[in-house]
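For reference, the structure discussed in these notes is given below.
Computed from the coordinates by the stated procedures, all read-outs in this text should not be read as laboratory data. As the structure is a prediction and not an experimental result, all values here were calculated from the model. Don't worry about glycine lacking a Cβ; one is built from the backbone with ideal geometry, like all the others, and counts go over all protein chains shown.
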């Protein structure tokens, strides 16, 4: 599972999980556990909904959040 933030046209960004990152041929994205970045419910999604389908023509861009494994990697550090 990969956690992403989807920035939708004229709406607040929605955070959630996907099994696979979308490919260039995909026309929609299925987002599991949709929520705002602060973890609260999205006002236009019913609270019982676990998966939403967003067509790509409504998406501005997608942010991919690092996984726990990637956070353990030590990068360049200036002291």
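Ranked from highest to lowest mean number of other Cβ atoms within 10 Å per residue, what is the order of the peptides 57-67, 18-28? Walk me through the numbers before you get to the answer.
Values: 57-67: 12.1, 18-28: 9.9.
Taking the mean over residues of other Cβ atoms within 10 Å, the ranking is 57-67, 18-28.
Each label point is 7 Å from the Cα along the Cα-to-Cβ direction; what then is the distance between the points at residue 40 and residue 19, in nm?
It is 3.3 nm.
What is the Rg over Rh value, at two decimals, for the range 2-71, using alpha-carbon atoms and the Kirkwood definition of Rh?
Values: Rg = 11.8 Å, Rh = 12.5 Å.
Value, to two decimals: 0.94.
Between residue 58 and residue 33, what FRET efficiency comes out of the Förster formula 1/(1 + (r/R0)^6) with R0 = 22 Å and r the beta carbon distance, rounded to 0.05? Walk me through the intermediate numbers first.
Numbers: r = 19 Å, r/R0 = 0.87.
For R0 = 22 Å, the calculated efficiency reads 0.70.
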